[in-house]
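S.K.: Quick one: structure below, then a few questions.
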Amino acid sequence: MHLIDSSGSFDITEAEDGADAWRQLSAGLRPAICFCDLRMPRLSGMELLQHVRADPALADLPFVLVSSAGDRATVQQATQAGASGYIVKPFEADHVRTHLARLLGGAGQPLAAESPAATQARLGIDARRLQAYLAGFEQQLASAPADIAALLERGDPQGAQARLERLVTGCATLGLHGAEGALRGLRGTALAPARLQAVLADVVQAVQRQAALVVGA
């Protein structure tokens, strides 16, 4: 709460636990973003997230889980359940501010990209080929978290950074400038699973939006 308050001018509403949060949301509370502890009495953060995503009136609520559990399985479970972000304790101000920026007012907005027509002209390809490139790149992004985690577990941070660099190059080639910048921000970092998952989720969405804009495929 204090980190959020120090990151800007926000009206903050607190809940005692997951059950209290769900009571407030069911009664009509509509926050711009929800930060929620993973482990809580009566209703866990994961259970609250599932309630939120199943409710049509709340399904699009930006929802960030917070936990001391940073293992890959827990982070993947949160992502599959629809978490918009995941912060590992102890809290770091930069991580909180990154999620606020990404999900409110500027982030949450689509990552910038050149028009598909401009990408086609630059690469000298037609719409069908660009669609194929975007589909292949999306597959690379889907396997990247597990690939990078495996490299880090084997004690190969240089290999993990090299894998990241290939994704940066892919974004640059396909004109995904915003996604390229987001991935560049991970260079030289420890590639924490939660932060990596959040950034890659944004990049996947950028690829999918770009694919939807391709005309004449």
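The values are calculated or read from the model by the stated rules, or taken from the named source; none is laboratory data. These numbers come from a predicted model, not from an experiment. Note that we place each Cβ from the backbone using ideal geometry, even for glycine, and neighbour counts take in every protein chain shown. Quick note on the areas: whole protein, heavy atoms, side chains included, nothing else; ligands and nucleic acids left out. Shrake-Rupley method; radii C 1.70, N 1.55, O 1.52, S 1.80 Å.
S.K.: Restricting to the stretch 166-217, name every residue that is among the polar types (S, T, N, Q) and within 29 Å of S67 (Cβ to Cβ).
M.R.: T189, Q197, Q205, Q208, listed by residue number.
S.K.: Give the stretch 110-121 a look and list any residue that's in contact with a Gly (Cβ under 7 Å, 6 or more places away or on another chain) and in a helix (DSSP H, G or I), or say none.
M.R.: If the condition is that a residue be in contact with a Gly (Cβ under 7 Å, 6 or more places away or on another chain) and in a helix (DSSP H, G or I), then A118, T119 are the ones that fit.
Per-residue answers, yes or no, for (1) closer than 24 Å to R195 by Cα; (2) small (G, A, S); (3) touching a residue at least 24 places away in the same chain (Cβ under 8 Å):
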| site | (1), (2), (3) |
| --- | --- |
| A19 | no, yes, yes |
| S44 | yes, yes, yes |
| L61 | yes, no, yes |
| V75 | yes, no, yes |
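S.K.: I'd like to check which helices (runs of 4 or more DSSP H) are fully inside the stretch 124-217 and have at least 3 residues that are under 22 Å from A83 (Cα atoms). Give the derivation first.
M.R.: Details: elements: 127-153, 157-173, 177-184, 193-213.
Counting at least 3 such residues, we get 127-153, 177-184, 193-213.
S.K.: If you take the residues of the stretch 1-24 that are open to solvent by 60 Å² or more (accessible area, probe 1.4 Å) and of a type in the set (V, I, T), which of them is modelled with the highest pLDDT?
M.R.: So the residue we want is T13.
S.K.: Residues to consider are R154, R163; find the one that is basic (K, R), at pLDDT 90 or above and surrounded by 14 or more Cβ atoms within 10 Å (Cβ to Cβ).
M.R.: Criteria check complete, one pass: R163.
S.K.: Would you mind telling me which numbered condition in (1) at pLDDT below 90; (2) under 23 Å from Q205 (Cα atoms) V52 fails?
M.R.: (1)
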